[in-house]
Amino acid sequence: MTDTVQVGAQVEAQCGRCHDATNHIILTMDKGKAKRARCTACEAEHLYRKPRGKEDKPPRRAGSRKDDPETAYKKVLEETPPGEAVKYSVKAHFKAGQRVAHKSFGEGVVLRIMRPQVAEVIFLDATRLLAMDR
Ligand SMILES: [Zn+2]
């Protein structure tokens, strides 16, 4: 079966609110693809997402959302006031909530000071313990 993709058509899509693949009405299109859709189950309007299982990416483990480092990182960044990232060096001193620019890991945020000379820093891909005050 081929879905007819046009505005007003009903297609199966992933709904973030229902946490399931439900029927959606296509609201807007972009370059021949559904862009925004409304869930017929909860009436939420959101960007069209392919139903789970049809995505190219491997599905995430159920309940692993909180552990997803990228999601956690973005959340921390949102909660961190904007400021100049301090260039990482083992000789530098960091404080919780400080932005850090690491030459290999990219930009991160200090979550907390684990113990003297060790800072826990969250990066886009993982949380790492970095030496400081050396
Ligand atoms: Zn829904």
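What follows draws every value from the coordinates through simple rules; no lab data is involved. The structure presented is a predicted model; accordingly, all values stated were derived computationally and were not measured. Here the Cβ is made from the backbone with ideal geometry for all residues, glycine too, and neighbour counts use every protein chain on show.
How long, wide and thick is the chain, going by the Cα atoms along their three principal axes, in whole angstroms, largest first?
Over the chain, Cα extents along the principal axes are 63, 28, 25 Å.
In the chain, what percentage of the DSSP-assigned beta bridges are antiparallel, given to the nearest 5? Show your work: numbers first, answer last.
On the way: 29 of 31 bridges.
Taking every DSSP beta bridge within the chain, about 95 percent pair in antiparallel fashion.
Grab the Cα-Cα distance for residue 23 and residue 92, subtract it from 0.36 nm times how many residues apart they are, and report the gain in nm with one decimal. It would help to have the intermediate numbers written out before the result.
On the way: separation 69, 0.36 × 69 = 24.84 nm, distance 5.36 nm.
Gain on stretching residue 23 to residue 92: 19.5 nm.
Over the C-alpha atoms of region 65-131, what are the Rg and the largest Cα-to-Cα span, Dmax, in Å?
Rg then Dmax for region 65-131, in Å: 11.0, 35.
Along the charge dipole of the chain, which of 102, 116, 47 sits closest to the positive end, that is, farthest toward it, with unit charges on the beta carbon of Lys, Arg, Asp and Glu (+1, +1, -1, -1)?
Towards the positive end, the residue furthest out is 116.
State the extension gain, in nm to one decimal, for the chain segment bounded by residue 85 and residue 127, taking 0.36 nm per residue of separation less the distance between their alpha-carbons. If you can, show how the numbers build up before the last one.
Working: separation 42, 0.36 × 42 = 15.12 nm, distance 1.68 nm.
Length gained between residue 85 and residue 127: 13.4 nm.
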